Amino acid sequence: MKKIIVSVFIILICLRPLHAQYLVHTQKNMSGTWNSYTKKYTYGEVNRANITFQFHNKYISANDNSKSIYRITKKSNDILEDDYKIFGWDCLDEQNRSCSFSITKYYDPNAPDIIMIIYPKFAYIYFIHSIENENE
């Protein structure tokens, strides 16, 4: 009986990291394409998009139409500025394409925090509505 209890305890500890740690709810987004002439992304109109991103230890998932999965390959250096801070990760998406995934947190309460997903030829910006910590 003692072995069973210890085994169940070890399994529960091992499974804990599989649960989402943070849920980030977005309500709007816009997409852009790389402009090789200006060397910048050109963005379209802002669209309504109620997408939730779940942050796990080794990947980020989204409840978008593609059911996107971003496998984290490396943590990027955080950027701390006077007006904002950026947390970023290098990722591979569900189609094994390299991308940069970041969250920009503005110190101004009137500025919306954003998620940016950057690929070499296109990019997405999601405007964050709320963030939940599932472990609290």
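FYI, it's all coordinate maths here, none of it is from the lab. What you are looking at is a predicted structure, and each value in this text was computed from that prediction instead of being measured. Glycine gets a Cβ as well: all are built from the backbone with ideal geometry, and neighbour counts include every protein chain shown.
Here are the numbers for this structure:
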read-out	value
Local net charge near E81, Cβ-Cβ under 13 Å (Lys/Arg +1, Asp/Glu -1)	-2
Residue list for the stretch 48-63, given a label point 7 angstrom along the Cα-to-Cβ vector of H25 and an amide N cut-off under 12 Å	50-53
Nearby lysines by direct alpha-carbon distance to K58 (threshold 17 angstrom, same-chain neighbours under 8 apart not counted)	K67, K74, K75
Relative packing of peptides 42-51, 99-108 - highest average C-beta neighbours within 10 Å first	99-108, 42-51
Convex hull per residue volume in Å³, alpha carbons only, for the stretch 78-136	124 Å³
Projected label distance in nm at T38 and N65, using a 7 Å step from Cα toward the beta-carbon	2.5 nm
Where labels lie 7 Å past Cα in the beta-carbon direction, separation of D90 and V46 in nm	3.3 nm
Compactness relative to 2.2 N^0.38 Å, alpha carbon Rg of the stretch 20-133	1.03
